[in-house]
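One structure is given below, encoded as structure tokens.
The values are calculated or read from the model by the stated rules, or taken from the named source; none is laboratory data. This one's a predicted model, so the numbers in the text were calculated from it and none came from an experiment. Note that each Cβ is placed from the backbone with ideal geometry, even for glycine, and that neighbours are counted across all protein chains shown. Side chains are part of the model used for accessible areas, which takes the heavy atoms of the whole protein and leaves out ligands, DNA and RNA. Shrake-Rupley method; radii C 1.70, N 1.55, O 1.52, S 1.80 Å.
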Amino acid sequence: EASVPAANGMQISPVNGWDATTQRMSWDMTAAALRPIRQQIDVKSTNAIEAYLTNAAVLTSGAESLDMAVAVHGKTLAVGAANKVELLTDVEAAAGRRVDLQISTNAPAGGYKEGTYVGQVYMMFESTP
């Protein structure tokens with residue numbers, strides 16, 4: 001199977017297909033915290049590329065929850081199209097670039113509670129003239 005994208009359209013490609021597998025945050029015993037997930041995405045477009053979260057990024061375990069922070073190319077994504085951030089200018093996007101993605105938890109005020117947490121992150125990328 002193969003897919004060739006439109007030459008003038010936006011292209012988003014997770015490096016090495018990491019998006020097709022479950023990403024796991026490992027526990028750092030020394031820091032008593034979850035280690036961030038760090039991956040990369042190849043992006044290219046003839047116009048600037050913007051991004052946002054379609055809903056809040058949260059890990060849950062029963063009644064417990066952990067808010068997550070999602071950053072692409074060093075820019076933290078917020079929820080909703082009204083809060084989209086520019087990741088690359090049209091000049092940067094036209095050349096194509098490999099950008100970093102980091103997903104981390106915000107340490108809860110009372111500390112991390114024991115549990116097996118799961119969640120999903122939904123990002124929207126847009127490129128319009």
Margin query: Scan segment 68-79 and tell me whether some residue there is outside any strand (DSSP E or B), open to solvent by less than 50 Å² (accessible area, probe 1.4 Å), over 26 Å from Trp27 (Cβ atoms) and of a type in the set (A, V, I, L, M, F, W, C).
Written below: yes
Notebook entry, point to check: Would you pick out the residues in segment 46-58 that are of a type in the set (Ser, Thr, Tyr) and either at pLDDT 95 or above or touching a Phe, Trp or Tyr at 6+ places or on another chain (Cβ under 8 Å) (or both)?
Noted result: Tyr52, Thr54
Note to self: Checking the structure you have, find out if any residue of segment 19-29 is open to solvent by less than 50 Å² (accessible area, probe 1.4 Å) and farther than 21 Å from Thr128 by Cα.
What the structure shows: yes
Margin query: Could you list, ordered by first residue, the pairs with Cβ atoms under 6 Å in which the first is in segment 84-97 and free of Cβ contacts under 8 Å to residues at least 60 places away in the same chain and more than 27 Å from Asn55 (Cα to Cα) and the second is among the hydroxyl-bearing types (Ser, Thr, Tyr) and open to solvent by less than 80 Å² (accessible area, probe 1.4 Å), at least 6 apart or interchain?
Written below: Ala94/Thr46
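Return yes when Thr60 is in contact (Cβ under 8 Å) with a residue 40 or more places away in the chain, open to solvent by 40 Å² or more (accessible area, probe 1.4 Å) and among the polar types (S, T, N, Q) and no when it is not.
Working: in contact (Cβ under 8 Å) with a residue 40 or more places away in the chain: yes; open to solvent by 40 Å² or more (accessible area, probe 1.4 Å): yes; among the polar types (S, T, N, Q): yes.
Against the criterion (in contact (Cβ under 8 Å) with a residue 40 or more places away in the chain, open to solvent by 40 Å² or more (accessible area, probe 1.4 Å) and among the polar types (S, T, N, Q)), Thr60 qualifies.
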